[in-house]
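Working notes for the structure below.
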Amino acid sequence: MQSAHGGAWYAAMMGYGTTATESLSQSNIAVPSTGSPKLTFWLKVSTQESGSIAYDTLKVNVNGTTLATYSNANAGSGYVQKTVDLSAYKGQSVKLEFAGAEDPYLTTIFLVDDVAIG
Ligand SMILES: [Ca+2]
């Protein structure tokens, strides 16, 4: 049983232990036009993999461009806050996507919580 970092909602991605892809996306997200807009979320990675080689990945894509990549190498026992700079998208309406991919062996689960843009 996995628990959310905060609030009732969280997304559990991947965890198949076989070759698979999965994505969560939302279009028409307004990026603030002032300040230093950024995407923040909490990420917890659980894996059967070991070592620092990325076998299973979770990418943050904005308008189809990958801005950050996390993997089994980011595994840990708790949630860690992640920040992705969205300055390049100031004042724009964007499509945000979390895109996961697993290799054929050993499971990795990516838990995403408290996604915010501001
Ligand atoms: Ca794997």
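Please work out the Cα center distance from region 48-96 to region 22-37, rounded to the nearest Å.
The distance from the Cα centre of region 48-96 to that of region 22-37 comes to 14 Å.
Could you sort the peptides 60-69, 91-100 by per-residue average Cβ neighbour count (10 Å cutoff), highest mean leading?
Peptide ranking by packing, descending: 91-100, 60-69.
For a bin width of 5 Å, list the pair-distance distribution of the chain built from all Cα-Cα distances, rounded to whole %.
2, 12, 22, 23, 19, 13, 7, 3, 1
What is the dipole size for region 20-117, taken about its Cα centre, with +1 at each Lys and Arg Cβ and -1 at each Asp and Glu Cβ, in debye to the nearest 20?
Its charge dipole is roughly 400 debye.
Among SER50, SER27, PHE98, which residue has its Cα positioned farthest towards the positive end of the charge dipole of the chain, with +1 placed on the Cβ of Lys and Arg, -1 on the Cβ of Asp and Glu, and the dipole taken about the Cα centre?
The residue sitting most towards the positive pole is SER27.
Any read-out appearing in this document is the output of simple, stated calculations on the displayed coordinates, not a laboratory observation. Fair warning: this is a prediction, and the values are worked out from it, not measured in the lab. Reconstructed Cβ throughout: ideal geometry from the backbone, glycine too, with neighbour counts over all protein chains shown.
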